[in-house]
Amino acid sequence: MCCDAPVPQSGMRTEPRAALEMAASEAEPVIACGEYSCESTSPLSTRSTASAGFGDSSLTEDSVAPSEFSCEPEEPLEPEVMDSVQGHLEMMNAASDELNSSQIALDEHVKEQGKQVQRWTIGSARMARVIGRERLAKATPFYEQRRRCWAARRAVTMASARYMQLLEAGASESETSKAMARHAYCLEVYQGAQEELERLRRKAALSSKALEAVRPYFDAEQEHRARLAELNAKIKQTGSSLDSAKEQYRGAMRSLEDLSEQAHRQRGTIA
């Protein structure tokens with residue numbers, strides 16, 4: 001039996017008897033699933049999307065014609081089997097809805113990511129022409145180091161907050177000592193970053209006026225980086241939801257297959 005079942009379109013619902021026959025079918029479509037993609041070997045309706053960072057992604061959805069599962073079982077299904085099948089179907093339908101909504105959200109995030117990159121490509125080139133590429137190149141090491149200083153300062157703030165939390169919670173001396181050491185280390189890194197920043201400023205002979213002249217470019221670049229980081233986090237989170245929905249769907253399908261095999265064994269025993 002194949003466990004990689006196609007996900008039905010949102011809104012479609014399968015009846016318990018048809019689902020049990022579908023689980024037992026030898027002609028079930030086979031789907032090879034990669035990262036956020038499903039590629040079917042059967043003629044199914046396919047919707048594709050390209051995701052930066054994830055490669056090409058395609059989601060296969062299957063519409064099953066009622067005539068494919070028109071054969072009635074030889075024996076009526078027992079009530080407890082019907083209830084179990086219905087429960088698994090509800091899980092599959094919920095997973096299908098979640099998968100479809102996650103795919104739509106992923107498409108939107110990836111599209112926005114592409115737009116953001118395009119906006120920065122055009123905007124940064126325009127700003128570079130206005131400010132001057134040589135002035136930007138001269139100031140780049142300083143502003144890159146300034147970005148490291150910001151990161152080091154955030155680390156100091158987080159380490160300090162962690163230390164205070166442990167003190168207020170009455171943590172052990174060992175835990176508070178580690179937190180204190182962590183704070184001291186972060187503070188040392190920050191102070192070193194500040195010293196390096198001043199050294200680079202003197203080396204490049206950059207006056208306060210010169211730094212202010214190129215600052216709009218690097219501020220815009222920082223905003224661009226922050227926006228990309230936000231979109232990447234959303235893409236990663238949505239991708240995880242997509243994987244979880246696929247696994248839930250396949251788990252319910254595997255359970256239906258087990259029920260189908262059990263029913264067939266029982267019928268063979270009775271016969």
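What follows draws every value from the coordinates through simple rules; no lab data is involved. It should be emphasised that the depicted structure is a prediction, and the values quoted were computed from it without experimental measurement. Every residue, glycine as well, gets a Cβ built from its backbone with ideal geometry; the counts of neighbours run over all protein chains shown.
Data table
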quantity: Cα centroid separation, segment 153-191 to segment 104-123 (Å); calculated: 38 Å
quantity: Principal semi-axes in Å for segment 218-271 [√(5λ), Cα gyration tensor, largest first]; calculated: 52, 4, 4
quantity: Residues with amide H under 5 Å from that of ALA171, placed H, sequence gap 5 or more; calculated: none
quantity: Lysines with Cα under 24 Å of LYS115, excluding same-chain neighbours fewer than 8 positions away; calculated: LYS234, LYS236
quantity: Chain lengthening between ALA128 and ARG148 when straightened (0.36 nm per residue, less Cα-Cα); calculated: 5.0 nm
quantity: Positive minus negative residues near GLU144 (Lys, Arg vs Asp, Glu; Cβ under 11 Å); calculated: +1
quantity: Percent of C-alpha pairs per 5 Å bin, segment 177-243, short to long; calculated: 3, 13, 10, 11, 14, 15, 15, 11, 6, 2, 1
quantity: Integer Hz, Karplus 6.51/-1.76/1.60 couplings in order for segment 183-191, x for Gly and Pro; calculated: 5, 4, 5, 4, 5, 5, 4, 5, 5
quantity: With 10 Å bins from 0: P(r) over segment 111-234, alpha-carbon pairs, percent; calculated: 12, 28, 28, 20, 10, 2
quantity: Inter-label distance for SER160 and MET82, nm, one decimal - labels placed 7 Å from Cα along Cα-to-Cβ; calculated: 6.8 nm
